[in-house]
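J.: Quick one: the structure is below, and I'll ask about it shortly.
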Amino acid sequence: MQLIVTTGIHPTEATAQLAESMAKTLQVPYVRRGKQSLDFLKASHRAELLVVVKKQGPVVITPGGEYFFHLSMAELRINNLKNGKPDHMVEAMGLSAGMSVLDCTMGLATDAIVASFVAGAAGQVTGIEHALLIAQITEYGLRHFSAGDEAVTMALRRIQVVWADYYEYLCHVPDKSFDIVYFDPMFRHPIHSSSNLKPLRYLADDRPLLPDAVQEACRIARQRVVIKETRNSAEFDKFALSGLYGGKYSSVHYGVIQVNG
């Protein structure tokens, strides 16, 4: 899809510089906004996607809506954890303070944020993202977004973002490098009620989970490999799972491969 980068109507020097830098990294045109409407810019440059850099940060405008960094469900899930409520992903991972997680399909980073909060300052969360634009938006948000809770803000800052194909990356990671290796690929059967993901589908890597990558993940993980998919997904049948986690009425489940014997 044709992509251009621009700014708001009245850009600051900082937003203009960020827009130019993003365009250079993405290797796409940077278009000075002037007083032109976004519709005019889209039509005149035959662009299907626009990145608009605002004071609050970059926003991607797609046919499915706007994509920008936000906490999404991470904030609610962290609040639930604080109140002693369980989180199915955390349970599936067997995650606790000081552990390390490799999130192979970071996307919005919602799961990575929750994992980073639980792992704490002594832990480590690394997120891999194949789509460069998503990696750029997410990394900017993790570095600049301020949550109302300082502990959540620090959880954002601790996440390391890697732009890479996850299979190629996994092939070069030494054995037993992370406690948990996690996959949340784009679901084969989307949950259409999840409006937050509609714009993401125009940008994300939509390949199914590669069995060879799971094999590499089992080599790399010290404890578990965890796969997120829709409830009763046939994708789970492709792997020798040790168990499934998820609520009785949850639309998603977590398949677990135990690798520590």
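J.: For segment 1-114, which fully contained helices (runs of 4 or more DSSP H) count at least 2 residues that are within 21 Å of the chain's Cα centre (by Cα)? Step through it out loud before you land on a result.
T.: Values: elements: 13-26, 38-45, 74-82, 88-93.
By residue number, 13-26, 74-82, 88-93.
J.: With the requirement that a residue be surrounded by fewer than 18 Cβ atoms within 10 Å (Cβ to Cβ) and out of contact with any Asp or Glu (no Cβ under 9 Å at 6 or more places or on another chain), what does segment 213-229 give you? Quick ask: steps written out before the conclusion?
T.: Keep residues of segment 213-229 that are surrounded by fewer than 18 Cβ atoms within 10 Å (Cβ to Cβ), which gives 215, 218-219, 222.
If the condition is that a residue be surrounded by fewer than 18 Cβ atoms within 10 Å (Cβ to Cβ) and out of contact with any Asp or Glu (no Cβ under 9 Å at 6 or more places or on another chain), then Gln215, Cys218 are the ones that fit.
J.: Anything in segment 152-171 that is aliphatic (A, V, I, L, M) and either outside any helix (DSSP H, G or I) or within 15 Å of Thr105 (Cα to Cα) (or both)? List them, or say none. Working first, answer last.
T.: Quick first cut of segment 152-171, residues aliphatic (A, V, I, L, M) only: 152, 154-156, 159, 161-162, 164, 170.
Residues satisfying the conditions are Ile159, Val161, Val162, Ala164, Leu170.
J.: How many residues, within segment 56-77, are more than 13 Å from Leu108 (Cβ to Cβ) and in contact with a Gly (Cβ under 7 Å, 6 or more places away or on another chain)?
T.: Residues flagged as more than 13 Å from Leu108 (Cβ to Cβ) and in contact with a Gly (Cβ under 7 Å, 6 or more places away or on another chain) within segment 56-77 amount to 1.
J.: Only one residue in Ile191, Ile227 is in contact with a helix residue (DSSP H, G or I) (Cβ under 9 Å, 6 or more places away or on another chain), modelled with pLDDT under 80 and within 22 Å of Ala74 (Cβ to Cβ), so which one is that? So that I can check it myself, show each step before the final result.
T.: Details: Ile227 fails: modelled with pLDDT under 80.
Among Ile191, Ile227, only Ile191 is in contact with a helix residue (DSSP H, G or I) (Cβ under 9 Å, 6 or more places away or on another chain), modelled with pLDDT under 80 and within 22 Å of Ala74 (Cβ to Cβ).
The values are calculated or read from the model by the stated rules, or taken from the named source; none is laboratory data. Predicted, not measured: the structure shown is a model, and the values here were computed from it. Please note: Cβ atoms are built from the backbone with ideal geometry, for glycine as well, and neighbour counts cover all protein chains shown.
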